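Participant: One structure follows; several queries about it will come next.
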Amino acid sequence: MTITAVLEPASTTSMPGATVPVTLRLHNPDTTAQIVTVRPSGSLAEYTAVDASSVMVEPGEWAEVGAVITIPSSLQPGHHVSEMAVTVGDLDVSTAEATVDVATFAAFSAGIAPHTSKSASTGRHRITVVNAGNVPIDVSLTATGHDPSITLEPDVAMLSVAAGQSSSIDLAAAPLARFWNGAPVHHDFVVTAVGSDGETVELPGTFEQRPRLRAWWGPALAGAFAALMIGAVLWFAVLAPWVESTADDAAEEANAADRNALNAKIDELEAAAAEAKELPLGDPADVRLAVEAAAGTTETDSFRVGTSMVWSITDIIFQNPTGAAGQVTLLRDGEVLMESELANFRDLDFHLVAPLVFGGGSTVEMEVTCDAPGPGQDSCSIGTTLAGFTDEAD
């Protein structure tokens with residue numbers, strides 16, 4: 001049995017990220033019809049999809065099978081051979097080939113996370129450059145402040161990024177002077193990324209300098225002082241006279257009614273002291289959200305705050321251990337609180353000066369859109385640890 005196979009066009013040129021349509025033409029010179037199986041092979045096999053895996057070719061006739069080659073954006077430039085293996089039954093009877101000349105394409109994207117950092121000492125940001133082309137690219141980074149009251153380190157850097165890969169550096173924004181209390185001060189800056197392809201990207205950022213004393217320290221210190229004062233009043237006004245009276249009159253039976261009244265007063269004062277010492281945010285608590293999303297899908301994980309409590313989140317840690325690409329979003333009752341690109345981090349933590357507050361019955365939700373799993377993975381595995389304090393609702 002003989003099948004003639006021709007792949008058309010025999011030669012073509014394509015940009016990375018484009019699709020190349022090809023047609024496999026099959027001719028049956030035999031006198032009997034043949035069921036022909038078509039299978040992509042060669043270096044472009046994993047990027048090739050055929051319209052039909054098998055076709056009936058009548059005697060002396062031609063048949064056509066369409067196929068599409070999707071050129072990856074990171075495929076290196078140069079000549080690549082697309083092959084189609086043709087079999088009849090268990091026999092390999094023919095192979096058709098075509099050449100795809102992939103053009104050189106240089107491009108990159110850059111991002112900054114978080115856009116706004118908050119600290120009393122040093123703001124920290126991460127600059128990530130993603131090579132979206134198919135050749136290595138060098139990107140120079142220059143950080144410039146809009147006012148002279150902060151220093152940016154490093155203020156100049158160079159990243160060399162391989163095709164289809166990403167690279168990151170950490171940027172520290174440090175104030176020249178610090179202050180103990182008062183309103184936060186915003187320091188704006190911009191990071192300019194210039195690629196070896198001539199493309200320029202500007203990344204604005206902000207360092208929100210906070211006072212060294214947090215706003216709740218005053219009430220907390222006042223509460224502690226009130227507790228000490230109540231303890232002193234309790235001793236000198238109630239307990240000390242009672243101890244002295246008991247020592248002087250040990251033989252006399254204490255009056256039961258007076259003793260009960262004294263105990264009630266002590267309980268009342270101790271409860272007031274405990275309430276005064278309590279910090280404003282409540283008891284420590286934490287929770288973890290985890291999402292497993294296949295490529296091209298969006299998945300969520302959530303939990304609901306109890307109706308009788310208030311939950312204040314002070315620390316948020318996003319985890320992307322496999323290096324997946326996509327987006328992660330933190331929401332409160334459907335309202336977006338934070339967004340980040342997965343390609344910008346593997347572990348990313350936020351420590352909030354002013355906590356995110358979730359009232360009773362509200363929902364905390366993490367949404368993950370998986371663009372591309374990490375190397376060797378078939379899904380995006382993303383986690384978020386939320387830490388803070390819980391308190392009873394008013």
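The values are calculated or read from the model by the stated rules, or taken from the named source; none is laboratory data. The model shown is predicted, which means the values in this text are computed figures rather than measured ones. When we count neighbours, we look across all protein chains shown, and the Cβ atoms used for this are built from the backbone with ideal geometry, even at glycine. In case anyone asks, the SASA skips ligands and DNA or RNA and just uses the protein heavy atoms, side chains included. Shrake-Rupley method; radii C 1.70, N 1.55, O 1.52, S 1.80 Å.
Participant: Could you give me the residue pairs with C-beta distances under 8 Å whose first residue belongs to region 32-45 and is over 14 Å from Thr95 (Cβ atoms) and in contact (Cβ under 8 Å) with a residue 24 or more places away in the chain, whose second residue is β-branched (Val, Ile, Thr) and open to solvent by 50 Å² or more (accessible area, probe 1.4 Å) wherever it lies, and which are 6+ apart or on separate chains?
Facilitator: none
Residues are listed down the side, and each one gets a yes or a no for (1) part of a loop (DSSP other than H, G, I, E, B); (2) open to solvent by 50 Å² or more (accessible area, probe 1.4 Å):
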site	(1), (2)
Asn134	yes, no
Ser140	no, no
Ala173	no, no
Val190	no, no
Val194	no, yes
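Participant: Suppose we filter Ala372, Ala324 for residues that are closer than 30 Å to Ser109 by Cα, open to solvent by less than 20 Å² (accessible area, probe 1.4 Å) and either modelled with pLDDT of 85 or more or in contact with a Leu (Cβ under 8 Å, 6 or more places away or on another chain) (or both); which single one remains?
Facilitator: Going through Ala372, Ala324 in turn, the sole match is Ala324.
Participant: Looking at (1) acidic (Asp, Glu); (2) touching a His at 6+ places or on another chain (Cβ under 8 Å); (3) modelled with pLDDT under 75, which is the one condition that is false for Glu252?
Facilitator: Tallying (1) acidic (Asp, Glu); (2) touching a His at 6+ places or on another chain (Cβ under 8 Å); (3) modelled with pLDDT under 75, Glu252 fails exactly one: (2).
Participant: Taking region 368-394 only, how many residues are of a type outside the set (S, T, N, Q) and either under 10 Å from the mean Cα position of the chain (by Cα) or over 30 Å from Asp283 (Cα atoms) (or both)?
Facilitator: Residues that pass the stated criteria total 12.
Participant: What number of residues within region 51-110 satisfy the criterion of being open to solvent by less than 30 Å² (accessible area, probe 1.4 Å) and either closer than 25 Å to Thr31 by Cβ or without any contact (Cβ under 8 Å) to a residue 24 or more places away in the chain (or both)?
Facilitator: Total satisfying the criteria: 10.
Participant: How about region 27-83: which of its residues are over 37 Å from the mean Cα position of the chain (by Cα), part of a strand (DSSP E or B) and at positive phi?
Facilitator: none
Participant: Do we have any residue at all in region 361-384 that's within 19 Å of Gly334 (Cα to Cα), assigned to a loop (DSSP other than H, G, I, E, B), without any contact (Cβ under 8 Å) to a residue 60 or more places away in the chain and of a type outside the set (S, T, N, Q)?
Facilitator: The answer is yes, given that some residue of region 361-384 is within 19 Å of Gly334 (Cα to Cα), assigned to a loop (DSSP other than H, G, I, E, B), without any contact (Cβ under 8 Å) to a residue 60 or more places away in the chain and of a type outside the set (S, T, N, Q).
Participant: Does Gly198 satisfy the criteria of being farther than 17 Å from Val353 by Cβ, at pLDDT 90 or above and more than 28 Å from the chain's Cα centre (by Cα)?
Facilitator: Criteria met by Gly198.
Participant: Further question: Which of the residues belonging to region 78-104 are in contact with a Pro (Cβ under 8 Å, 6 or more places away or on another chain) and among the small types (Gly, Ala, Ser)?
Facilitator: Ser82, Ala85, Ala98, Ala103
Participant: Further, regarding this structure: Taking the conditions exactly as written (of a type outside the set (Phe, Trp, Tyr), part of a helix (DSSP H, G or I), modelled with pLDDT of 75 or more and loosely packed, with under 15 Cβ neighbours inside 10 Å), does Asp258 satisfy them or not?
Facilitator: Against the criterion (of a type outside the set (Phe, Trp, Tyr), part of a helix (DSSP H, G or I), modelled with pLDDT of 75 or more and loosely packed, with under 15 Cβ neighbours inside 10 Å), Asp258 does not qualify.
Participant: Inspect region 304-313 for any residue being modelled with pLDDT of 90 or more, part of a strand (DSSP E or B), under 21 Å from the mean Cα position of the chain (by Cα) and among the hydrophobic types (A, V, I, L, M, F, W, C) and give the result as yes or no.
Facilitator: yes
Participant: Here is a list: Ile169, Ile150. Which entry is in contact (Cβ under 8 Å) with a residue 40 or more places away in the chain, of a type in the set (A, V, I, L, M) and under 14 Å from Asp188 (Cα atoms)?
Facilitator: Ile150
Participant: Within region 162-171, take every residue that is out of contact with any helix residue (DSSP H, G or I) (no Cβ under 7 Å at 6 or more places or on another chain) and farther than 18 Å from Ala143 by Cβ and give me the one that is most open to solvent (accessible area, probe 1.4 Å).
Facilitator: Looking at residues that are out of contact with any helix residue (DSSP H, G or I) (no Cβ under 7 Å at 6 or more places or on another chain) and farther than 18 Å from Ala143 by Cβ, I get Gln165.
Participant: Now for a separate question. Determine whether Thr385 is surrounded by fewer than 18 Cβ atoms within 10 Å (Cβ to Cβ), modelled with pLDDT of 90 or more and either in contact with a helix residue (DSSP H, G or I) (Cβ under 7 Å, 6 or more places away or on another chain) or within 30 Å of Ser121 (Cα to Cα) (or both).
Facilitator: Details: surrounded by fewer than 18 Cβ atoms within 10 Å (Cβ to Cβ): yes; modelled with pLDDT of 90 or more: yes; either in contact with a helix residue (DSSP H, G or I) (Cβ under 7 Å, 6 or more places away or on another chain) or within 30 Å of Ser121 (Cα to Cα) (or both): yes.
Criteria met by Thr385.
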